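Quick notes on the structure that follows.
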Amino acid sequence: ILLDAHSYWGSGKPRSAVDLLRNAKDRISTKALPDLASRVEVLNIVGAGLLSQHQMREAEAVIDRAVKDARSLPERHPLALRARMLKEWIRLYRGQIAQVRLEINELLRDMKLSPATLPEDLAGAHRIRSAAALEAGDTSVAEAAALEALRIAERRLNPRHNQTVLAL
């Protein structure tokens with residue numbers, strides 16, 4: 001996939017990030033990545049990349065696949081939690097605020113019960129909770145969640161980590 005970006009080894013044409021992500025999405029299969037955790041991790045990366053490029057329909061399809069595949073991982077596996085978090089970003093961007101507010105509380109509970117939860121995911125989930133509460137007009141919950149995201153990011157990540165900057 002990465003060689004496709006190379007001007008001599010790839011197609012010879014400039015490739016955008018979206019082109020490379022679409023190519024990755026099309027190539028992910030059980031044959032290419034027989035290990036379930038690796039497949040979910042790559043799906044999460046590709047889905048998050050497509051989401052960051054505002055390719056909502058494609059991002060949602062990849063993230064839904066990650067969530068589905070992650071159901072076969074052990075309970076509260078960090079990659080499964082990340083897939084669920086990414087799904088909440090999709091719902092948030094789609095304006096499904098009531099559903100986000102229900103799901104994010106369950107996701108945060110599961111993240112707190114799992115010692116393997118990645119701090120950047122925990123901070124990100126609190127940012128989702130904050131944004132959804134703000135959209136719903138619940139400013140006290142929005143502020144508390146934003147402050148919690150910042151606290152987690154400052155204590156468990158470094159000051160230049162993107163979650164720290166985004167939490168600010």
Tell me, yes or no, whether region 120-138 has at least one residue that is open to solvent by 40 Å² or more (accessible area, probe 1.4 Å), outside any helix (DSSP H, G or I), hydrophobic (A, V, I, L, M, F, W, C) and without any contact (Cβ under 8 Å) to a residue 40 or more places away in the chain. yes
Which residues, taken from region 112-155, are under 16 Å from M85 (Cβ atoms) and either among the polar types (S, T, N, Q) or in contact with a Pro (Cβ under 8 Å, 6 or more places away or on another chain) (or both)? S114, A116, T117, L118, D121, S130, I152, A153
So which of E106, E88, E58 is open to solvent by 40 Å² or more (accessible area, probe 1.4 Å), closer than 28 Å to A145 by Cβ and either modelled with pLDDT of 95 or more or out of contact with any strand residue (DSSP E or B) (no Cβ under 8 Å at 6 or more places or on another chain) (or both)? E106
What pairs come out if I take residues in region 146-162 that are outside any helix (DSSP H, G or I) and pair them with residues that are open to solvent by less than 30 Å² (accessible area, probe 1.4 Å) whose C-beta lies under 8 Å away, six or more apart or interchain? L157/P119; L157/A123; L157/Q163; L157/T164; N158/T164; H161/A153
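The values are calculated or read from the model by the stated rules, or taken from the named source; none is laboratory data. In this text, all values refer to a predicted model and were calculated from it rather than measured experimentally. Using ideal geometry, Cβ is built from the backbone for each residue, glycine included, and neighbour counts are taken over all protein chains shown. Quick note on the areas: whole protein, heavy atoms, side chains included, nothing else; ligands and nucleic acids left out. Shrake-Rupley method; radii C 1.70, N 1.55, O 1.52, S 1.80 Å.
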